[in-house]
1. State whether the residues of region 275-297 include one that is acidic (Asp, Glu), over 18 Å from SER206 (Cα atoms) and in the same structural domain as ALA178 (by TED's automatic domain parsing).
2. If ALA290 passes every condition in (1) part of a helix (DSSP H, G or I); (2) under 21 Å from GLU171 (Cβ atoms) but one, which one does it miss?
3. Any idea which of (1) buried (at least 16 other Cβ atoms within 10 Å of the Cβ); (2) more than 30 Å from SER96 (Cα to Cα); (3) in contact with a strand residue (DSSP E or B) (Cβ under 8 Å, 6 or more places away or on another chain) is the one ILE146 doesn't satisfy?
4. Output the residues belonging to region 221-263 that are surrounded by fewer than 19 Cβ atoms within 10 Å (Cβ to Cβ) and in contact with a Lys or Arg (Cβ under 9 Å, 6 or more places away or on another chain).
5. Can you pull out the residues in region 111-131 that are in contact with a helix residue (DSSP H, G or I) (Cβ under 7 Å, 6 or more places away or on another chain) and crowded, with 19+ Cβ neighbours inside 10 Å?
6. What are the pairs, 6+ residues apart or on separate chains, where a residue within region 52-69 that is loosely packed, with under 14 Cβ neighbours inside 10 Å has its Cβ under 9 Å from a residue that is acidic (Asp, Glu)?
7. Which residues, counting only those in region 213-230, are in a loop (DSSP other than H, G, I, E, B), farther than 21 Å from VAL265 by Cβ and not polar (S, T, N, Q)?
8. What single numbered condition from (1) in contact (Cβ under 8 Å) with a residue 40 or more places away in the chain; (2) assigned to a helix (DSSP H, G or I) fails to hold for THR233?
Amino acid sequence: MSSDEITLRKLEIFLVFMRERHLARAAEALSLSSVSVHKAIHSLEAAVGCPLFAHRSRSLEPLESAFVLERHASDIIERIQRSVDDTRSAAGISPSIFRIGSLYSLTVALVPRIINALKAEVPDCDIELVLGSNADLEDKLQAGDIDAALICVHELARRRHRIVKTLFDDEIHLAQAADTAPTAHAPVDLRRYDGEPFVLLSQEFSTGRDSYRMFLEAGITPRVALRANDIFTLTSLVKGGVGHALLPKRIDDIYPGALAFSRVVENQRVTQTIGLCYLKSRRADERIAALEKAAIAVTG
């Protein structure tokens, strides 16, 4: 391998080609000629010291080696960008990309409205949305991988180095498929559902932890019909009648009217608090201020 011949530019060209899988389309995306793209890929193959593509007629078909390089090259480009952002931040200059973390359950209705309001305030803001669980987004915020996070803050430990702005509360309900749920106007006692099938999120998710808290308060052990790794899958499973779930009311935005939501009795009730969280060191960033203003305006 000749490291002198492996450049960021060649890796960028390679990644665009892997995305487009067509020389002409990659060339158009890069504002280069097809010949230049082909030369860069051939040069990269020579530098790596192994074939990356098989020639099929006039096209290039990626080999397994190309997919391995694609994964590592993507990581390299991302790390370089973050290194530049960290360096600029140390010099008091805001990163070029504004990374906002969000829970999956907020992306259907809330996040688009907040981003539109932010764009109206800072039109040239280059935004990247990073989705994850509460625990995952907390870690990313701490590590500086995201600039701010829209997450559940009701169980977030208060720390001096970060700022938390409360936006709204969302009570967790018993959710069932709308066409099978009994008509109920009074709050339900979860003890009535002891032994009934439930679809659950893992406790990495705030809603997963809150569900277990509610079961504990009710003194029951749920019969787990299935576990889901994201809120959209879980909602679809409940909609399909696989089992009940304990979900915040905002989930109704995903499939409006498909689920029936029933309040639970007061002593078993848990309410989530959604908030905006960011590091105190970033509060002078105009984009943070604009995001906070947008989030408060949308949820107020």
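1. no
2. ALA290 satisfies every listed condition except (2).
3. Tallying (1) buried (at least 16 other Cβ atoms within 10 Å of the Cβ); (2) more than 30 Å from SER96 (Cα to Cα); (3) in contact with a strand residue (DSSP E or B) (Cβ under 8 Å, 6 or more places away or on another chain), ILE146 fails exactly one: (2).
4. Hits for region 221-263 are TYR255, ALA258, PHE261, ARG263.
5. Within region 111-131, ILE114, LEU118 meet the criteria.
6. Partner pairs satisfying both residue conditions: ALA54/GLU61; HIS55/GLU61.
7. ASP230
8. (1)
The values are calculated or read from the model by the stated rules, or taken from the named source; none is laboratory data. Note that the structure is a prediction, hence the values are computed from the model and not measured. In this analysis, Cβ positions are derived from the backbone assuming ideal geometry, glycine residues included, and neighbour counts consider all displayed protein chains.
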